[in-house]
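See below for the structure under consideration.
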Amino acid sequence: MLASRMSRIASSPTLKGLLAADRLRSQGMDVVDLGAGEPDFPTPDHVKAAARTAIDGNFTKYTANSGITNLREAIAAKYAKDYGISFTPAEVIVTAGGKQALANAALAVFGPGDEVITHVPGWPTIVEQIKLADATPVIVRTSASDGFTLHAQPLIDAITPKTKGFIINSPANPTGALITEGELTTLAQAAKAKGLWIVLDLCYEQLIYEPEPANLPGVLFREMRERTIVCGSASKGYAMTGWRCGWTVGPKEVIAACGALQSHQTSNVCSITQKAVVAAITGPQDCVTAMRDEYRSRRDQVWTWLTADPRIKCVKPAGAFYLFIDITELLAATGIKTSAEFADKLIEESYVVTTAGEAFDAPGFLRISYANSLERLKEACNRLSAFVKKYEAVAAGR
Ligand SMILES: Cc1ncc(COP(=O)(O)O)c(C=O)c1O
């Protein structure tokens, strides 16, 4: 009945928890949702005000397909300020979130017969988008033992004559791990030598907690600008997930191709959203700093609470807003067979939503989003520990 491409892709597994949480809430249960991949903060006031002004000023019609000039200039100015790279408006397109930025980039440069190398544990959409482009994903696994750090050599070792490029996500979902400038330089030099693309997913770029050098776009522009595509988003840094705005930056031929795709699919991003994102990017950035500071202290606190049980293993992540915890010892102690089953039982019996590692191609782990208040995070940790004790007692036959 359906087209053959539908048998190659699966719908997003990270939305499963959302559905369960809605169901339980509608039954009156007190659900603690640590499944969400989105900020719990409201969109900053000056951003909302810009949207109201856009509506009141009747800025409610079609815009240029690739985005209003103001916004494309604002994105270019941001990258010049943050990373010292410069590009023209013809090298940037405004998209409906980072998701569309990445989807269009994949469709523009990857196709049948191509292999595209990416890393797991990772955000499942990247692999599915490679398949939607009729290309073949080649997976490189990062290791919990060094905090899921991305190293260049395993990525380079995965190159075959069919390789067309890499998709790199840093800070990464679900691990929060970064690729260093040095490792990316090594990868870029190898990619350049073979004429391969590097697509860089920077959607969590504003959520890096330690003062490490992280000028990844600078590295790629210096080493291989003509084969670099950078995808960004207003969603996470500005607490704007529902507004749907991201962008792709790359060679003008790629951006023109993304524009052609978008012109037949979604056209321009919502005109009101675009005005709001201009305000977000060009306005005061202290709201971003405040949110980042709050996430950092939650990360530290929740990490301390969780790892108080020495069977929970977790390297403190450098970015994003997730703790990706290894629960293999908890599975052994509770007799629960898989992390998927553990996450399901935790929702149904303790009303705590997490995302099982299976969603990120990493069984044995749970992703805990700390985009929630400390009070709710503490409640979730208490419920998790009571849940484990209950199952330990069952496993011990008590
Ligand atoms: C790694 C990663 N990239 C990109 C995105 C896209 O986000 P959005 O489409 O809201 O910009 C997400 C969202 O969860 C993500 O986790």
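The values are calculated or read from the model by the stated rules, or taken from the named source; none is laboratory data. It should be emphasised that the depicted structure is a prediction, and the values quoted were computed from it without experimental measurement. Please note: Cβ atoms are built from the backbone with ideal geometry, for glycine as well, and neighbour counts cover all protein chains shown. Please note that ligands, DNA and RNA were not included when accessible areas were found on the heavy atoms of the full protein model with its side chains. Shrake-Rupley method; radii C 1.70, N 1.55, O 1.52, S 1.80 Å.
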(request) Could you please find all residues in segment 166-194 being at negative phi and of a type in the set (G, A, S)? (result) S170, A172, A177, G182, A188, A190, A191, A193
(message) I need every pair where a residue in segment 100-118 that is assigned to a strand (DSSP E or B) has its Cβ under 8 Å from the Cβ of a residue that is acidic (D, E) and away from the ligand (no atom under 11 Å from the Cβ), sequence separation at least 6 or different chains.
(response) none
(request) Among residues belonging to segment 141-168 that are free of Cβ contacts under 8 Å to residues at least 60 places away in the same chain and within 16 Å of the ligand (Cβ to nearest atom), point out the one that is farthest from R227 (Cα to Cα). (result) T142
(message) Can you find, within segment 363-398, the residue that is most open to solvent (accessible area, probe 1.4 Å) among those that are assigned to a strand (DSSP E or B) and either of a type in the set (D, E, K, R) or closer than 14 Å to A332 by Cα (or both)?
(response) F365
(request) Please give the number of the condition K131 fails out of (1) within 30 Å of K162 (Cα to Cα); (2) in contact (Cβ under 8 Å) with a residue 60 or more places away in the chain; (3) within 15 Å of the ligand (Cβ to nearest atom); (4) part of a helix (DSSP H, G or I). (result) (3)
(request) Quick one: which helices (runs of 4 or more DSSP H) lie wholly within segment 253-362 and hold at least 3 residues that are open to solvent by 50 Å² or more (accessible area, probe 1.4 Å) and touching a residue at least 24 places away in the same chain (Cβ under 8 Å)? (result) 286-307, 339-350
(request) Considering only segment 8-47, state which residues are among the aliphatic types (A, V, I, L, M), modelled with pLDDT of 85 or more and out of contact with any strand residue (DSSP E or B) (no Cβ under 9 Å at 6 or more places or on another chain). (result) L19, M29, V47
(request) For segment 90-98, indicate whether the set of residues that are out of contact with any Asp or Glu (no Cβ under 7 Å at 6 or more places or on another chain), at pLDDT below 95 and either farther than 22 Å from A356 by Cβ or surrounded by 21 or more Cβ atoms within 10 Å (Cβ to Cβ) (or both) is non-empty. (result) yes
